[in-house]
Structures are given as C-alpha cells and as structure tokens.
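Engineer: Shown below is the structure under consideration.
The values are calculated or read from the model by the stated rules, or taken from the named source; none is laboratory data. Please read all numbers here as calculations on a predicted model, not as lab measurements. Cβ placement follows ideal geometry from the backbone for every residue including glycine, while neighbour counts extend to all protein chains displayed. All accessible areas refer to the heavy atoms of the entire protein, side chains included, with ligands and DNA or RNA removed. Shrake-Rupley method; radii C 1.70, N 1.55, O 1.52, S 1.80 Å.
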Amino acid sequence: QVQLVESGGGLVQAGGSLRLSCAASGNTFRINDMGWYRQAPGKQRELVATITRGGSSNYADSVKGRFTISRDNAKNTVYLQMNSLKPEDTAVYYCYAKRIVSDYWGQGTQVTVSS
C-alpha cells in the first residue's frame, strides 16, 4: 500500500501563487508516475499534471505556462507550483501515484482562488 498526504492548499487572490506538496509513504518502491488531478464542484475529476520517475511531465492545456510539476524521488514527494492563478482553478486538488498496476490517491486539498 501507498499513502499520499497533500499539503499547501488554501485561499489566494487571482494572479497569486500557491505550492502544493504530496509525500508518499508505505511501499514506495517502484512508484512510477505521480501527479495532480482536480475536481471542481459539479464537474468530473480532471488531470492537471503528471511526471514520471525520470522527470518527463505532462500538463493539461488549461494550466500550461502557469503550473510547474516537479518531483524529488529521494523524498518520494511531488510538487505543484501554481502561478497566475485564476478563479477557474478553484477545486479540490488530489495527489496521484501509480505503482506497478495500482493507482493511489490522496485525500485532497482545497484550492480557492478569489476574483
């Protein structure tokens, strides 16, 4: 089993920045992909960004140029630097990890962007 704990969410004004962190614990050997998804009220969960163990990243078009995903493999931690935040970025952000064929999710952290 893998446990994921997110931190760093909160309330910020439009144009501001936040940095999310997610630490994995438990059976972290052979975790490959890690990343972030988000879910706004009344909407489906959507991909924000993912990163492989080797550092290859993928972003949703809506966040390209504003968000940056990074990873510290030694600490089993993934980060999401969010800049130029918009009200439409408001959502619960979930950390994600894939280990072999199993998917793991964090409990979610709320990000609210006021206009």
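Engineer: Under the condition of being touching an Asp or Glu at 6+ places or on another chain (Cβ under 8 Å) and among the hydrophobic types (A, V, I, L, M, F, W, C), which residue from region 1-24 is nearest to Y104 (Cα to Cα)?
Structural biologist: The extreme case among them is C22.
Engineer: Consider R53 against the criteria (1) over 27 Å from S114 (Cα atoms); (2) out of contact with any helix residue (DSSP H, G or I) (no Cβ under 9 Å at 6 or more places or on another chain); (3) open to solvent by 80 Å² or more (accessible area, probe 1.4 Å); (4) of a type outside the set (A, V, I, L, M): it satisfies all of them except one. Which criterion is unmet?
Structural biologist: So R53 meets the others, but not (2).
Engineer: Exactly one of these conditions fails for R38: (1) surrounded by fewer than 19 Cβ atoms within 10 Å (Cβ to Cβ); (2) under 24 Å from S115 (Cα atoms); (3) among the charged types (D, E, K, R). Give me its number.
Structural biologist: That leaves (1) as the condition not met.
Engineer: In addition: For a quick check of your reading: which strands (runs of 3 or more DSSP E) sit entirely within region 41-81 and have at least 3 residues that are under 12 Å from the mean Cα position of the chain (by Cα) and closer than 18 Å to W105 by Cα?
Structural biologist: Qualifying strands (runs of 3 or more DSSP E): 46-51, 67-72.
Engineer: For region 82-115, enumerate the residues that are open to solvent by 50 Å² or more (accessible area, probe 1.4 Å), in a loop (DSSP other than H, G, I, E, B) and not polar (S, T, N, Q).
Structural biologist: K86, I100, V101 - these are the residues of region 82-115 that are open to solvent by 50 Å² or more (accessible area, probe 1.4 Å), in a loop (DSSP other than H, G, I, E, B) and not polar (S, T, N, Q).
Engineer: A follow-up question, please. So in region 7-35, with the set limited to residues that are open to solvent by less than 30 Å² (accessible area, probe 1.4 Å) and modelled with pLDDT under 95, which one is farthest from the chain's Cα centre (by Cα)?
Structural biologist: Result: T28.
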